Amino acid sequence: MSKRARRAAPGPGAARPTVTVCRGCCCGTPKVPGLDHAAQLRDLRQALDGTATVRGTDCLDACERANVIVVQPSAEGRRAGGRPVWLGLVNDPGAVADITAWVENGGPGLTDPPDILDLYTFRPSRRVQAELHDA
C-alpha cells in the first residue's frame, strides 16, 4: 500500500462506515475481465452517498482475491465490537448490492452481513491489516 493511501485511511473514530475499494495492481484492471471497474466504484459511491465514505485506494496486497473491498465500521459500530471486514473476488453486481445493503443497515458491529457475503470474506496477513488499520 502506498504512503498516500495510508495517510488517507480513516481513523478508528470515523463517524460512518468506510468502504475501501482496491484499485491497485490487479483490482480494477483488465486482469479481472468482464467487469466495468469504474462503474463498480461509481455505483458504490452513488448508492452509499451520505451513508458511508467510499474511497478507492492503491494495492491492498491481496491480489489473488481481486477485486478486494474492505468495509470498516463506524465509530458506533467499532464500540459495538465491529471490526473491518475484508471481501475478495467481488466481481459481480450482486455482491456489490449485498455489500451496499449491509452498509446501509449499519455495517460491521451494528448489523450482520447477508449470509452470502461469507463466501467473499477472508483474513489478510497481519502485516496487510496493520497497514490499512493503523494508518
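Taking the range 84-127 as the range and being charged (D, E, K, R) and either at pLDDT 95 or above or more than 15 Å from the chain's Cα centre (by Cα) (or both) as the test, the residues that pass are ASP98, GLU104, ASP112, ASP115, ASP118, ARG126, ARG127.
Residue check: is ALA38 free of Cβ contacts under 8 Å to residues at least 60 places away in the same chain and either surrounded by fewer than 20 Cβ atoms within 10 Å (Cβ to Cβ) or assigned to a loop (DSSP other than H, G, I, E, B) (or both)? Walk me through it before giving the result.
Numbers: free of Cβ contacts under 8 Å to residues at least 60 places away in the same chain: yes; either surrounded by fewer than 20 Cβ atoms within 10 Å (Cβ to Cβ) or assigned to a loop (DSSP other than H, G, I, E, B) (or both): yes.
Yes: the conditions hold for ALA38.
Taking the listed residues VAL71, VAL96, the one that is part of a helix (DSSP H, G or I) and not basic (Lys, Arg) is VAL96, with no other qualifying. Of the listed requirements (1) modelled with pLDDT of 85 or more; (2) buried (at least 19 other Cβ atoms within 10 Å of the Cβ), ASP49 misses just one: (2).
The values are calculated or read from the model by the stated rules, or taken from the named source; none is laboratory data. Predicted model, so just to flag it, every value in this text is computed and none were measured. As a convention, Cβ positions derive from the backbone with ideal geometry for all residues, glycine included, and neighbour counts pool all protein chains shown.
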